[in-house]
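What follows is a short report on a single structure.
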C-alpha cells in the first residue's frame, strides 16, 4: 500500500503534457542524403548531450528502455489522431489511460521519473482524460483527507472504481479563487452538506475529466455553517452513479465543448442543485465541521503553496521539451527542403543555408537548451528546498515561489511564440496537421493561462523583487538570485545611478554578459520601484499605485527572469567536460545572450551597460554565430533524442523521408475514403444537370 | 455577358477570408450593464468612425443592407461549425457556395465591393471550396485565354459546370516557381500535350478545391516542345469526368488531409501519369505552340505582376479586419469579465481596468485602426496606379510592388501575433472554440506563408530599398515613400551621419514622431546597404553577400514599413472633421507611434533620434494614453461594426451575455449527445466490474 501511495504522489508530476522519448540510430538504410551528411560532419557526439540532458548515461539508457516498453507495445497503438473525430480521440485516450495502470504493474515501473516517462510515451505527450484524477484528485486525497477518509476513498480511486477530478474554477471565476461562488451549507439535522451552484457564473467549468469520465469530484466551495461563511473548503462529491455512470440527482454535468486543442480531454461543467453529501465527505485533515455544525479552523496551509510551486517548476521543463520538439521538426525539415536560389544557376540550396532561416531557428534552439537547464535547476531547487521545509526551514520558499511563478510565465510565453515561429519557418507544410506543429502549439499554449495566468505570475515575481529592492535599500542584505539588488541600494537617490557606471562588458565573454543582464535587471527593478513610489506620492492608494505601475513591474520581472536564464545557462557549462560539447554549448549560450541583447538593445543602452558601437558589434556577432551553429544544427536537435512516434511529424522524421510520407499520410485523409464526396451528388450534380 | 465578366473579375478580390458586417443597435433589452455603461459614457459617436472605415454614410448603409441579405437568409443558416466533422463542414460550405451564385443573381448584386461583402457574409469570413475557382481559375481564363478558349471555357465555368482550381505549388516547390517539375510535353503526332508528375516532389500540392470539388485545373508545367524546355506555361487539364465526377485516366487526385484550419477547403494533390490534353488546352493568349510544335514566345508579362500586387494589397486589409475582430472580442469580454481585486475589499473590477490588460489590448486596437487606413491607402493606390498602367505609365509599379510585398508581411505578422495576444488576454475561455478566437487565428495565419512567404516578401522590399538608396547616393533623386533616402545620400561617407543630427523630436507631436520613424528607417536602410557593401568587399560573390546581410535587410524593410504605417495613420487624421472622432483617433495614432518606439527603443537611441530621458517619457506617456483610451475602448471596437453572427464568439457578443450563452453552447457539444459516453461501457465498466 505504501509503495502505491508513493506511486500516486509521483503522479502529481503528470499534469500537463510532456514529450521527449526516443532512441537515435545513426545509421539507417533509407536516410535522406542531406541529413546523413549533416550528421557525418557535426563536430561533437550528440549522445553526450543527450546524457547531459538526462542526467547521466545510465539515465539515458533507462529512459529509452522505459519509453520503448510503451512505444513498442502493440496494445497501445492506434490510428493517426488527426483523422479521428473528437469523440474517437477521447475514446482512444481513455482506452490507453485504463491500460496504463495495468502496464505499470506489469512492467514493475514505480520510480516517479520512470512513471512519468512511461506515461508520456503511452500518450505521446498528449493530455488525457485521467490527468486530473491522477494529478489532482488522488494527491488531494493524500494531502487533505483524514485517515478514515483515505480508507474510504483511496483504494477505489487507485483501482479506478472512483474516478475523480478537481473542480475549482467556475465559469465566472479563474485565478482569483477567493471569489468562487459555489456554496456548501451544513445541515446539522441530517449531518449533511448541501451543495449549490447559486448563479450561472458559479457553474464549475474547465476541470479535465469532469465532462464524461469522472464519477467523483473534489469540489471547492464556500462553507456555510451556523449561519456563517467560513471560506473555501474541499468536498468530495459523487456526481455519477456507480454501475450506470448516470448523473446523480441534482447534478447537471457535461462536456464544455470543443477547444483549440485538448481534444482527448473532456473538460467539463458541473451545476449543483441542492446536492446532499454526508458530513464526512468534507476533506477534514485540517479544518473540520463537527456534527453539530461547530467549525474548527485549520492550523496553516503552507503546503498548498508547495504544490503550486512544484507544478510551475515542472512547466518550465515542459517549455524546454515542447520548444525542443518544434525545433527538431523545423531544423530537420530545413535541412531536407531545397528552395530558391542562393547563387544564380546553382541547384536549389537547403533552406537551412539561408541566413534568415537560421536567424529564425538558431536563437530558438539556443533557447530550448537554456530552458532545459533552467528546468533542471528548478527541479533540483524544488527538491532541495522541499528537504529544508521538511526540516522546518521555510526561508527559501518565498524566493522559490517568486522564481517559479516568473519563470513559468517567461518560458511558456517564449516557447509558445517559438513553436509558432518554427511552424511558420516550415512554410505551407507547417500548416498541415502532418507536420505535427499545430498540435504541439495547441497542446502547449494553455500553459500561458493555466496554473496561474502569466501576467499575474509576472506580477507575483515583481512583488518579490520590489520587496527585495526595498529591503536592500533599507540596508538589509538580500540573498539568492536577487542579491544583485544589494549593490544598487546605496545609489538609489542619485539621478542616473546606473548610467554612470563605466562600461566594462566584453561581448564575447559569457560571464561579462551575465553581468550585463544583471545590470539591466537591476535598472528595471529600480525603475519600477521608483515609479511605484512616485505613484504613491501622488496620493494614490497602494492598490491604484500598484496597478498604475504594473506595466513597469512586468518588465522588471521579465528582465529578472532573463538574467536568471542567462546565468543558469552559463553556470551549466562548468559541468561539461567534453571539449567539443563544451564548445558548441558555449556557442549556444553566447547566441542566447547576444540575441537577447539585440532584441532589447534599448534596455542595455539605457542602463549604460553597452555602448552604441557595442550594439552594432552584438548584431554582427549574432550573424557570425549563425554560421558557427549551422553545421551543428541537425546534431543539436538529434541530441534532444525524440523518437519519431513522439514527434509525430512527417517533416521532422529522423530519416528525412518527408515527401513520400506526406503523400502516404494524405491518402489516409478521411475525405479520401470515397473518390466522390457525397456532397457532389447533393449540390453540384443537380446544379450541373440543370444546365 | 460583359457584366458577368466584370462580376467575375471582381471575384479576384475574394481569395482570402474577410469579415466585417453588422448593424449596431445601441439599445437592447438584455444588455449587460457594464457594456451599456461603457457605451453611454464614450465621448464620440462610433457610427461616424464606421462611416470613415466604410468610406461614407451611404456606403455603410449599403454594406449593412447587402450583409443583411446574407445574414438573415434562412437558406444560408447552419449548425455551429465547431460541432461538425471536417467532412460536414466541407459539405456546409459547398452548399453555400453553390447557393451564392443564385443569390447574387436574385438580389441583383454586381458591384465588386458588394459581391465581396455578400460573400463574406454568406461564408461568415471563412474560406470555402470555390475560392480558387472564383479567385484564380476564372480570372486566369479571362487574362490568359484566347477568345476561342474563352468561348469554350468561360460560360461552363461561370455556371459551375466546369469547376476549376489553379495548380501551381508542388509538394517540393513553393515560392520559387521556376523550379517546378511538372512537365507538359507536346506530341505533334496527335497534337496533344502529355502531362506528367515525374517525381514525388512534383506532385501538385495545396490548391484549394482540388481535392474533391474541381473537375478542371489550370496546371503550371514546364513546357517541352521540339526537344526543348520552354519554361513554365499554363494548361487547362480536365481532372474529373463530367457527369460522374470520377478521376480521369492517369489522374490521381485527392485531399491533402487535415490542416491547422481551413477545414471547409479541400486543399488537394494531383499526380499526373501521361495525361493527354488537346493542343488548344494550353492558355495561348501570350505564348503559343503551333500544330507542328513550333514555339512562339510571349511578348511580356507585366500584368501577372499586377495581380500579385493586388492580392497582397488586399491582404493588408485582411490584417486590419481580422485583428479588429479579435480586438472586438477581447475588449468587450474584458469589459464584462470581473476578476480579482484592484482595491482590497471592493468588488472584483472589470479586467479592462487592469493596466496590464490595457497594455495588451490598446496598442493592438491602435494597430487595427492603423492597418485599416493602410489597407484603404493600398487599395486606392492600386487603383490609381492601375489607371496609370492602362495609360502606359509603369513608373510607380516597382514601388507599389515593393510596398505591397513588405506591408503584406509586416501587417500579417503583427496581426497574427496580435490575434493570439487577444486570445490569451481572454484567459482560459479564449482557448474554448466558443470564443471564436482560435478560429480567427487558424484562418488568418496562412497569410504569413501564402501569396509570398513573409521573409521573402521583406527581402523583396529590401531589394527596392537598397536600390533606391544607391540611386539616391549616386545623386539621382528617388520619389515616393522612399524619398527620405535623398536626404541621406550626401552623408553616407561620414562615420556617424545620423547620430550627429540634433534631437528635435517632440514625443507628443505626431508629425514629429513620423519624422522619428523616418530617421530610424533611413538609418537601418543605410546600415543594411553598408553591411552589404562590406560583405561584397570581402570578395564574396553578390549572392553570398546578399544572404549574409539578409537579417539586416529584413530589419530595414521592417523599419521602412513601420514608418509608412505611422505616416499613413497620421495623414488619415487630416480627413477627419468631427472633433470628438479626431481626438480619439489622434490618441490612437499617438499610441501606435509611441508604443512602437517603446518596443524598439534601441533603434531610436542608436539613430540618435531620441535621447534616454525621452525614452523614459515615451514609456510614461504610453501608460497615460492607456488611461485615456480606457473609457472609449468599447465604443472603438463597436465602430468596427461586426455583427454577432460574423464574430461567432460567445465572449464578443454585442449584448455581453457571455456566460449564459457559453453554457447553452456547451450543452450542444457532440460529446453531450448521450449522458454516458460509449467508451464507458467499453473500458471503464469492465474494469470496475472486475473489482
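Would you pick out the residues in the stretch B:210-245 that are part of a loop (DSSP other than H, G, I, E, B), in contact with a strand residue (DSSP E or B) (Cβ under 8 Å, 6 or more places away or on another chain) and over 19 Å from residue A:674 (Cα atoms)?
Across the stretch B:210-245, the qualifying residue is only B:226.
Would it be correct to say that residue A:339 is at pLDDT 90 or above and within 9 Å of chain B (Cβ to nearest Cβ)?
yes
For the stretch A:330-356, give me each residue that is under 18 Å from residue A:627 (Cβ atoms), assigned to a loop (DSSP other than H, G, I, E, B) and without any contact (Cβ under 8 Å) to a residue 12 or more places away in the chain.
Of everything in the stretch A:330-356, those that are under 18 Å from residue A:627 (Cβ atoms), assigned to a loop (DSSP other than H, G, I, E, B) and without any contact (Cβ under 8 Å) to a residue 12 or more places away in the chain turn out to be A:343, A:349.
For the stretch B:439-450, how many residues are surrounded by fewer than 21 Cβ atoms within 10 Å (Cβ to Cβ) and either more than 11 Å from chain A (Cβ to nearest Cβ) or more than 22 Å from the chain's Cα centre (by Cα) (or both)?
Residues meeting the conditions: 0.
Of these, A:574, A:570, which one is out of contact with any helix residue (DSSP H, G or I) (no Cβ under 9 Å at 6 or more places or on another chain), in a helix (DSSP H, G or I) and at pLDDT 95 or above?
Only one candidate passes the filter, namely A:574.
How many residues are away from every other protein chain (no Cβ under 14 Å) and either within 13 Å of residue A:237 (Cβ to Cβ) or touching a strand residue (DSSP E or B) at 6+ places or on another chain (Cβ under 9 Å) (or both) when one looks only at the stretch A:168-195?
Selection size over the stretch A:168-195: 13.
If residue B:322 satisfies all but one of (1) under 16 Å from the mean Cα position of the chain (by Cα); (2) surrounded by fewer than 21 Cβ atoms within 10 Å (Cβ to Cβ), what's the number of the condition it fails?
(2)
Name the residues in the stretch A:378-414 that are touching a residue at least 60 places away in the same chain (Cβ under 8 Å), part of a helix (DSSP H, G or I) and farther than 21 Å from residue A:566 by Cα, would you?
Passing the criteria: A:386, A:389, A:397, A:398.
Hey, among B:436, B:375, B:418, B:430, which residue is more than 9 Å from every other protein chain (Cβ to nearest Cβ) and either under 30 Å from residue A:543 (Cα atoms) or without any contact (Cβ under 8 Å) to a residue 40 or more places away in the chain (or both)?
Only one candidate passes the filter, namely B:418.
If I filter the stretch A:536-558 down to residues being more than 10 Å from every other protein chain (Cβ to nearest Cβ) and surrounded by fewer than 23 Cβ atoms within 10 Å (Cβ to Cβ), which single residue comes out as nearest to the chain's Cα centre (by Cα)?
Only one residue fits best here, namely A:558.
Suppose we filter the stretch B:638-691 for residues that are within 33 Å of the chain's Cα centre (by Cα) and either in contact (Cβ under 8 Å) with a residue 24 or more places away in the chain or more than 7 Å from chain A (Cβ to nearest Cβ) (or both); how many remain?
29
So residue A:233 passes all but one of these: (1) surrounded by 22 or more Cβ atoms within 10 Å (Cβ to Cβ); (2) within 14 Å of chain B (Cβ to nearest Cβ). Which condition number does it fail?
Against the list (1) surrounded by 22 or more Cβ atoms within 10 Å (Cβ to Cβ); (2) within 14 Å of chain B (Cβ to nearest Cβ), residue A:233 comes up short only on (2).
Please enumerate the residues belonging to the stretch B:196-205 that are touching a strand residue (DSSP E or B) at 6+ places or on another chain (Cβ under 8 Å) and within 13 Å of another protein chain (Cβ to nearest Cβ).
B:197, B:201, B:202, B:203, B:204, B:205
Going through the stretch B:187-204 one residue at a time, which ones are surrounded by 18 or more Cβ atoms within 10 Å (Cβ to Cβ) and farther than 17 Å from residue B:250 by Cα?
If the condition is that a residue be surrounded by 18 or more Cβ atoms within 10 Å (Cβ to Cβ) and farther than 17 Å from residue B:250 by Cα, then B:201 is the only one that fits.
Residue B:486 is checked against (1) modelled with pLDDT of 95 or more; (2) more than 8 Å from chain A (Cβ to nearest Cβ); (3) farther than 30 Å from residue A:357 by Cα and fails just one. What number does that condition carry?
Of (1) modelled with pLDDT of 95 or more; (2) more than 8 Å from chain A (Cβ to nearest Cβ); (3) farther than 30 Å from residue A:357 by Cα, only one is false for residue B:486: (1).
Scan the stretch A:222-230 and tell me whether some residue there is more than 9 Å from every other protein chain (Cβ to nearest Cβ) and crowded, with 24+ Cβ neighbours inside 10 Å.
no
Taking the conditions exactly as written (within 24 Å of residue B:442 (Cβ to Cβ), in contact with a helix residue (DSSP H, G or I) (Cβ under 6 Å, 6 or more places away or on another chain) and either within 13 Å of chain A (Cβ to nearest Cβ) or not in a helix (DSSP H, G or I) (or both)), does residue B:323 satisfy them or not?
So residue B:323 fails the test.
If residue B:613 passes every condition in (1) out of contact with any helix residue (DSSP H, G or I) (no Cβ under 9 Å at 6 or more places or on another chain); (2) more than 9 Å from chain A (Cβ to nearest Cβ); (3) closer than 29 Å to residue A:173 by Cα but one, which one does it miss?
(3)
Criterion first (in contact (Cβ under 8 Å) with a residue 40 or more places away in the chain, facing another protein chain (nearest Cβ under 8 Å) and within 30 Å of the chain's Cα centre (by Cα)) does residue A:603 satisfy it?
yes
Of the conditions (1) more than 14 Å from every other protein chain (Cβ to nearest Cβ); (2) surrounded by fewer than 17 Cβ atoms within 10 Å (Cβ to Cβ); (3) assigned to a strand (DSSP E or B), residue A:298 fails just one. Which one is it?
(3)
Name every residue in the stretch B:77-125 that is closer than 25 Å to residue B:432 by Cα, away from chain A (no Cβ under 11 Å) and buried (at least 19 other Cβ atoms within 10 Å of the Cβ), in order of residue number.
Within the stretch B:77-125, B:120, B:121, B:122, B:123, B:124, B:125 qualify.
Suppose we filter the stretch A:466-485 for residues that are buried (at least 22 other Cβ atoms within 10 Å of the Cβ) and out of contact with any helix residue (DSSP H, G or I) (no Cβ under 7 Å at 6 or more places or on another chain); how many remain?
Selection size over the stretch A:466-485: 0.
Regarding residue A:589, is this residue modelled with pLDDT of 95 or more, surrounded by fewer than 21 Cβ atoms within 10 Å (Cβ to Cβ), part of a helix (DSSP H, G or I) and more than 12 Å from chain B (Cβ to nearest Cβ)?
no
Among the residues that make up the stretch A:618-633, is at least one of them closer than 24 Å to residue A:441 by Cα, more than 9 Å from chain B (Cβ to nearest Cβ) and either touching a helix residue (DSSP H, G or I) at 6+ places or on another chain (Cβ under 9 Å) or at pLDDT 95 or above (or both)?
Yes - at least one qualifying residue is present in the stretch A:618-633.
The values are calculated or read from the model by the stated rules, or taken from the named source; none is laboratory data. Computed from a predicted structure; not experimentally measured. Because the Cβ atoms are built from the backbone with ideal geometry, glycine has one as well, and the counts that use them run over all protein chains shown.
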